[in-house]
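Here the structure comes first, spelled out in structure tokens, and everything after it is commentary.
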Amino acid sequence: MKNKAISNPKAAALGLQHLLAMYSGSVLVPILIGASLHFTSEQMTYLVSIDIFMCGIATALQVFGNKYFGIKLPVVLGCAVQVVAPLIMIGQKFNFQTMYGAIIVAGLFVFLIGGAFSKLRFLFPPLVTGSLITVIGLSLIPVAFQNLGGGSTTAKDFGNMTNLMVGAFTVLLILAINVWGKGFLHSIAILVGLIAGTVLGGFLGLVSFQPVIEASWFHVPTPFYFGVPQFEWSSIVTMILISMTSMVESTGVFFALGDIVGRKIEADDLKRGYRAEGLAVMLGGLFNTFPYTTFSQNVGLVQLSGIKTRKPVIFSAIFLVILGLLPKIGALATIIPAPVLGGAMLVMFGMVAVQGIRMLQQVDFDNDKNLLVAAISIGLGLGVTVQFLPKTIQLLFGSGILMTSLSAVLLNWLFNSPRRTQEMSVDEGLNERDSDK
């Protein structure tokens, strides 16, 4: 069935809906990383604003596209939540410049490997990706609880009743909207929770509008805002592995959207989609923001609205670019109190962990080999701590996320023959459901 043409006002309204659905999930990434690395309020304002701007650019790269890059589906791109823990670790063990150097190289890697990745996808079945996503979610939950208490464990008011009450209110509101909210309201539960929690925090003296007052009305994105990037091998390896995981997730979103809009996704489509994400990641590193990936929550909005054209997403990209040029808008996100962030993190990271568990449900655990792969990989990811090694080695072997990735990929490759998956025909569109037939 052909897609019906829609008016510009309706497309703009739907584009705003796409923006709201992805806004909180994307903005939360720079807020979490910036807070953990002790960015100043001025740096945080830049970070959030340029992140919003780059979300628009990254989305446009995918939506418009050409014969070299861009999948031309109604996809929205935002910051990948799985980069939070590794980037914090890189920033703490090295510096900001090393963090952005690793992002740039990872983006280049994604761009270059785009054409071959559909053939490498057999290395990342649900057993591997499910184990990794589970560890990512579980490893971030302690960060959520630290913020619930007020952010800094050395602060005098850490863990006081005001902080805990505001955080609990945020969690309960998000849960209530998820349980009883319908349609669009349900899709922006996190955003509503952040806003309502901040309003309550304002009444209790937890909010300062000084960053908004000090922010300028307009600015231009600045390459290398935090300095010239530096390149360190263990940081680069970490971000490349995380980027490959994001590529696997994006593949699932591409196929889901292909089913919704009635378009068969071929290997060339995947290649252009991966390349667009690689370009977006490189631009994120150059302008000192973060890696970008396709957001799965916006797939539900395409299905819900019944509008299957790219027009609403084009408007969404335009809105994101405009908002990103207005620092006062970006500064609003920096006034969210730490307990409110903690409440939202608890829900989001818990959902990430559960998403990993859901992916593992596809695995045949009657097979002891699969059971061992998941058990060892998750155990290593949650338990590994190496404090006595040089920091370069510690980054690799002290990262639960990286250890889970390496363990799951290697053990799965050793225990389970990849031949059947490798032989899956590219001409059949590589659809997950096709492989089950």
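Please go through region 129-151 and pick out each residue that is open to solvent by 50 Å² or more (accessible area, probe 1.4 Å) and either in contact with a helix residue (DSSP H, G or I) (Cβ under 6 Å, 6 or more places away or on another chain) or free of Cβ contacts under 8 Å to residues at least 24 places away in the same chain (or both).
Of everything in region 129-151, those that are open to solvent by 50 Å² or more (accessible area, probe 1.4 Å) and either in contact with a helix residue (DSSP H, G or I) (Cβ under 6 Å, 6 or more places away or on another chain) or free of Cβ contacts under 8 Å to residues at least 24 places away in the same chain (or both) turn out to be 138, 142.
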- Item | Single condition residue 42 does not satisfy, out of (1) in a helix (DSSP H, G or I); (2) at pLDDT 85 or above | (2)
- Message: Take the conditions farther than 14 Å from residue 335 by Cα, modelled with pLDDT of 85 or more, surrounded by 13 or more Cβ atoms within 10 Å (Cβ to Cβ) and not hydrophobic (A, V, I, L, M, F, W, C) and apply them to residue 235. Does it pass?
- Response: yes
- Message: Looking at the structure I just gave you, is residue 263 outside any helix (DSSP H, G or I), open to solvent by 10 Å² or more (accessible area, probe 1.4 Å) and modelled with pLDDT of 80 or more?
- Response: yes
- Query: In this structure, is residue 356 within 22 Å of residue 35 (Cα to Cα), among the small types (Gly, Ala, Ser) and either at pLDDT below 75 or part of a helix (DSSP H, G or I) (or both)?
  - Reply: no
- Query: Which residue out of 102, 12 is among the small types (Gly, Ala, Ser) and either open to solvent by less than 10 Å² (accessible area, probe 1.4 Å) or farther than 30 Å from residue 262 by Cα (or both)?
  - Reply: 102
- Tell me which residues, restricted to region 45-81, are closer than 15 Å to residue 329 by Cα and either open to solvent by 20 Å² or more (accessible area, probe 1.4 Å) or touching a His at 6+ places or on another chain (Cβ under 8 Å) (or both). 46, 49, 53
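The values are calculated or read from the model by the stated rules, or taken from the named source; none is laboratory data. Keep in mind the model is a prediction, meaning the values are calculated, not measured. Positions of Cβ are backbone-derived with ideal geometry, glycine not excepted, and every protein chain shown enters the neighbour counts. The area values use the complete protein model at the heavy-atom level, side chains included, leaving out ligands, DNA and RNA. Shrake-Rupley method; radii C 1.70, N 1.55, O 1.52, S 1.80 Å.
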